[in-house]
Amino acid sequence: MPALLEVMEGRLGIKEAPGAANNQLILDWAKAIGRKDVTADATSWCSICMGSAALEADYPIPPPNQVLLARSWLTWGVKVEIEDVAPGDVAVWWRVEPHGWQGHVNVVQEVRRTAGNKVQVKCIGGNQTGPDG
């Protein structure tokens, strides 16, 4: 079984289809995690990508009624303190407000420690853009 990070690295560059078309792969991921209600790739699909990747890596995922929300990953698994974060850990980010429902989920790919022992992470995930697309 591949590790979660390996699965996510294999998904770099996958994007929504332009216009009214849909990327069937994203829709297949949604079905794999029990979300048959997702019929278009124009949804926030970071958690869909993470859920299907976790299944491929033989990890448990949040229940289907929760897995569409990125921040549902905060209640799943074992919390890792920032000073202990390592490649392959799941990272959950907030949007708008720290305790709100909106967020993003991805996987830590690289950890760097800066002067003053601050932690910087490079993450990869679905429905995000960056140097690798």
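With contributions of -39500 (n - 2.57) from each DSSP H run of at least four residues, the per-residue ellipticity at 222 nm computed over the chain stands at -5500 deg cm²/dmol.
Within the assembled protein chains, the solvent-accessible surface assigned to residue 114 is about 50 Å², based on a 1.4 Å probe. Between residue 37 and residue 16, the simple label model (points 7 Å from Cα in the Cβ direction) yields a spacing of 1.9 nm. For the range 1-58, trypsin sites (Lys or Arg not before Pro) are listed when DSSP marks them as loop and at most 14 other Cβ atoms sit within 10 Å of their Cβ; the list is 15, 36. With respect to the chain, whose longest principal axis is taken over its alpha-carbon atoms, helix 46-56 is tilted by about 90°. Work through the residues other than residue 42 whose Cβ is under 12 Å from its Cβ and net out their charges, Lys, Arg +1 and Asp, Glu -1. Here the charged neighbours net out to -1. Per residue, the range 1-87 exposes an accessible area of 56 Å² to a 1.4 Å probe, with every protein chain left in place. With a simple spin-label model that places each label point 7 Å from the Cα along the Cα-to-Cβ direction, the separation between residue 93 and residue 25 comes to 2.1 nm. In terms of its C-alpha gyration tensor, the range 60-112 has an oblate overall shape, because the principal axis ratio a/c (a ≥ b ≥ c, square roots of the eigenvalues) is not below 1.5 and a/b does not outweigh b/c. For the chain, a crude dipole built from +1 on the beta carbon of Lys and Arg and -1 on the beta carbon of Asp and Glu, taken about the Cα centre, is about 260 debye to the nearest 20. Accessible surface of the range 3-87, 1.4 Å probe: 56 percent of it comes from carbon and sulfur atoms. Among 103, 125, 5, which residue has its Cα positioned farthest towards the positive end of the charge dipole of the chain, with +1 placed on the Cβ of Lys and Arg, -1 on the Cβ of Asp and Glu, and the dipole taken about the Cα centre? Value: 103.
The values are calculated or read from the model by the stated rules, or taken from the named source; none is laboratory data. Every value quoted in this text rests on a predicted model; they were computed, and no experiment measured them. Glycine gets a Cβ as well: all are built from the backbone with ideal geometry, and neighbour counts include every protein chain shown. The area values use the complete protein model at the heavy-atom level, side chains included, leaving out ligands, DNA and RNA. Shrake-Rupley method; radii C 1.70, N 1.55, O 1.52, S 1.80 Å.
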